[in-house]
Amino acid sequence: MGYNPDHDRVDDVDVLAEFVGAHPLATLITHDGVTPQADLVPLLAVDDAETPSGKALVGHVARANPLWEDGKHVGTSLVTFGGGEHYISPTWYPSKAEHHRVVPTWNYLVVHAWGPLVVHDDPKWVRGVVARLTGAMEAGRDNPWHMG
């Protein structure tokens with residue numbers, strides 16, 4: 001999955017899940033066999049003993065969004081979660097004055113996850129996920145909204 005030098009790689013699932021919790025708006029990239037599609041979807045990292053990592057990503061899309069329909073997502077889907085990012089100028093490197101062998105770069109934090117997209121159309125399951133998402137997004141608010 002893309003260029004990721006070993007010194008920048010994080011494999012600790014709990015650290016990655018914490019990052020997802022802090023940056024839950026994901027770009028979900030799917031493919032229908034012809035055209036790629038990118039949707040912004042808030043997702044939660046939840047414990048799931050049935051996955052190799054012990055975690056799964058869950059979220060919800062509106063019924064009007066065709067993403068959940070059969071044929072709209074084939075094969076492996078990719079999700080990206082972005083955090084802080086910033087351009088780094090070569091003028092910031094002290095070594096520039098010594099040897100001038102520096103280049104601009106871009107520092108960023110991102111988590112990539114991929115796997116099959118599984119659709120759940122069971123009303124009880126959907127309500128449970130919406131309640132979990134709402135609870136997570138409303139946490140810490142003075143007057144949190146909650147499902148009745």
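So the values come out like this:
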{"item": "Relative contact order [Cα under 8 Å, 6+ residues apart], the chain, whole percent", "result": "20 percent"}
{"item": "Surrounding net charge for Val46, when Lys and Arg each add one and Asp and Glu each subtract one, Cβ distance under 15 Å", "result": "-3"}
{"item": "Solvent exposure ordering (accessible area, 1.4 Å, most first) of Glu18, Glu50", "result": "Glu50, Glu18"}
{"item": "Rounded to the nearest 20 debye, dipole of the chain from Cβ charges on Lys, Arg, Asp, Glu", "result": "340 debye"}
{"item": "Residue with peak Gaussian network fluctuation, the chain [Cα springs, cutoff 10 Å], from Asp48, Asp122, Asp39", "result": "Asp122"}
{"item": "With Cα atoms, 0 to 90° folded angle of helix 13-22 axis to the chain main axis", "result": "80 degrees"}
{"item": "Relative contact order for the stretch 80-122, counting Cα pairs under 8 Å that sit 6 or more residues apart, in percent", "result": "48 percent"}
{"item": "Sum of side-chain charges, Ala131 neighbourhood, beta-carbon under 11 Å (Lys, Arg +1; Asp, Glu -1)", "result": "+2"}
{"item": "Listed values (i) 17.4; (ii) 16.4; (iii) 17.9, entry calculated as Kirkwood radius over Cα pairs in Å", "result": "(iii)"}
{"item": "Most mobile listed residue (Lys124, Lys55, Lys72) in the chain, GNM with C-alpha springs under 10 Å", "result": "Lys124"}
{"item": "Residue among Val74, Val102, Val15 with the largest mean-square fluctuation in a Gaussian network model of the chain, springs linking Cα atoms under 10 Å", "result": "Val102"}
{"item": "Rounded, prolate or oblate (a/c below 1.5 giving rounded, otherwise prolate when a/b exceeds b/c) for the stretch 17-98 by Cα gyration tensor", "result": "prolate"}
{"item": "Electrostatic dipole magnitude of the stretch 1-87 [Cβ: Lys, Arg +1; Asp, Glu -1; Cα centre; debye, to 20]", "result": "340 debye"}
{"item": "Cα long-axis angle, helix 123-138 against the chain (0 to 90 degrees, to the nearest 10)", "result": "40 degrees"}
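The values are calculated or read from the model by the stated rules, or taken from the named source; none is laboratory data. Just so it is clear, the model here is predicted, and its values are computed rather than measured. Cβ: placed from backbone, ideal geometry, glycine included. Neighbour counts: every protein chain shown. Keep in mind that these areas ignore ligands, DNA and RNA; they rest on the heavy atoms of the full protein, side chains included. Shrake-Rupley method; radii C 1.70, N 1.55, O 1.52, S 1.80 Å.
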